[in-house]
Each structure stands twice: as C-alpha cells, then as structure tokens.
1. Any chance you could count how many residues in the range 110-133 are free of Cβ contacts under 8 Å to residues at least 60 places away in the same chain, under 18 Å from the mean Cα position of the chain (by Cα) and surrounded by 15 or more Cβ atoms within 10 Å (Cβ to Cβ)?
2. If I ask for residues that are of a type outside the set (S, T, N, Q) and touching a helix residue (DSSP H, G or I) at 6+ places or on another chain (Cβ under 8 Å), which ones from the range 101-117 would you list?
3. Just wondering, is there one or more residues in the range 65-74 that are among the aliphatic types (A, V, I, L, M), in contact with a His (Cβ under 8 Å, 6 or more places away or on another chain) and either at pLDDT 95 or above or surrounded by fewer than 15 Cβ atoms within 10 Å (Cβ to Cβ) (or both)?
4. Within the range 187-206, count every residue that is polar (S, T, N, Q) and over 18 Å from the mean Cα position of the chain (by Cα).
5. Considering only the range 48-64, I want to know if a residue exists there that is closer than 18 Å to LEU120 by Cα, out of contact with any Lys or Arg (no Cβ under 7 Å at 6 or more places or on another chain) and among the hydroxyl-bearing types (Ser, Thr, Tyr).
6. Can you pull out every residue in the range 1-60 that is within 17 Å of the chain's Cα centre (by Cα), among the charged types (D, E, K, R) and surrounded by 15 or more Cβ atoms within 10 Å (Cβ to Cβ)?
7. Inside the range 1-109, counting only helices (runs of 4 or more DSSP H) that do not spill past its ends, which hold 3 or more residues that are free of Cβ contacts under 8 Å to residues at least 12 places away in the same chain and out of contact with any Ser or Thr (no Cβ under 6 Å at 6 or more places or on another chain)?
8. Out of everything in the range 109-128 that is closer than 14 Å to ASP93 by Cβ and of a type outside the set (A, V, I, L, M), what residue ends up being modelled with the lowest pLDDT?
Amino acid sequence: MTITDNHVHLDLINDDIKNIINRAEEAGVTNFVVPGVCGFPNKLNELLKYEEVKICWGIYPKYAEDSKLIETKIKELENTTINLFAIGECGLDKRFPNLEKQIELFKKQIEISKQRHLPLIVHLVGHWQKAYELLKETNSNFILHSWNGSGEMAKEYLKIGAIFSLSASILKNPNKLIEFFKTIPQDKIIFETDSPDQKPSFVSGEQNEPSNLPVIVEKIKELGFA
C-alpha cells in the first residue's frame, strides 16, 4: 500500500530533498504532490529527478495584483514540456487585498486546468461562497486543499465534484471534523501535510514534513473515519 502526501512543499522544507524523501519513505509515504505558489515550485530540476514527485504549477492569490509576474509565469507554463499533475495551488484568500484581481487570477487558472485536462488544487481562506460559484459555473475537477470548512459547506462542494484534502489543521476543531465525516464519503477524502506549514504539536522536529503524514492520518481517523 502506498501513501501519498497530497500537498507538500518539498522545495520549501529546510533540508535536502533527498533526505526529506528518504525519511518519508521510511515512514511509508511514497508519493508527493508538490504545488506551485509562484508558477513552478522552486528547486524544479532537483524535484524532477524523482518519479514519485508530482509537479504542479500554480499562482497563489497573494500575487494577484502583479500582472507582469502573472504574464511571465503563464508564458513559462506555455513553453514547458514538463508533465504536470495539477494546476495549483490557486484560489481566494481574505488575508490579501483586491478580491476582484484574485478572482481574475483564479479564473485564469481554472481555465488552464480545463484546457489541459488537469485537476485544480484550490486554496481558500474565506470567500467560500464566491469560490463555490466560480467552480460550479466552470464545472472543473478540483481538490480543496487543507479543508477546514463547515459540514454544510462541504455538502454543497461535494455536489459539484469536490475532493477534500485534510491536513492536521482540521484537528483543531474535533466537532467540525466529526460533522464532516458524517457528511462526506470516504472516497472523496485524501490527506496532506502542507509541509513545512501546519506542523502539529504531536510530532517532533522544528518543521512539518511528509514523514509525519501517517501519524496525522491516524489522529484524524481516530475522530470517526471508519
């Protein structure tokens, strides 16, 4: 059985990628989905050495106002021969200004995912309803990264084809997690670390990394995942 870390920034963890992957594989994690936040991930040439690493391309909402950067990154995508796994992470975030620009950038990436027949990895902090409207309208195949919304909202996203990726952050609200498990079928749930972010208190080390995923999954499953 293989375990996939469905959202891990291998390029941002403070260690050699080879060491990170070795520790993860010792823990049973054998596949890694690495999203982009400003086009392709950093350390791209090194990441491409590993068949178990799945490369994504995406532009994070914090860059929505930088039209020149967006244009440059899209041209890089158009000229690449890299076999991409998904488009993302991309989406909407209430912590950043100019929602209209964020929406414009999100729409561009939704369209790219459809043109390339690739899933979309969606980052949401707030703006749940607006993102729902955009994704429903475009009928895209998408993964909701580090899902932490309500059971009712999850139910609505499920209707339009969402896959829910859970990280340790959902453990902060056990009641919400239990409600989520009552609502969402198991085959619509996947798991991630979001390393190096979202390090849970029950693992050691200074930063989060994919070797922690089996423990995170067990903690999540203890709260109702049959």
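The values are calculated or read from the model by the stated rules, or taken from the named source; none is laboratory data. Remember, it's a predicted structure, so these values are computed and weren't measured experimentally. All Cβ positions, even for glycine, are placed from backbone atoms using ideal geometry, and neighbour counts span all protein chains on display.
1. Of the residues in that region, 13 qualify.
2. Result: ILE103, LEU105, PHE106, LYS107, LYS108, ILE110, GLU111, ILE112, LYS114.
3. No, that holds for no residue.
4. Going through the range 187-206 one residue at a time, the tally reaches 2.
5. For the range 48-64, residues closer than 18 Å to LEU120 by Cα, out of contact with any Lys or Arg (no Cβ under 7 Å at 6 or more places or on another chain) and among the hydroxyl-bearing types (Ser, Thr, Tyr): present.
6. ASP5, ASP11, LYS54 - these are the residues of the range 1-60 that are within 17 Å of the chain's Cα centre (by Cα), among the charged types (D, E, K, R) and surrounded by 15 or more Cβ atoms within 10 Å (Cβ to Cβ).
7. 17-26, 67-78
8. GLY126
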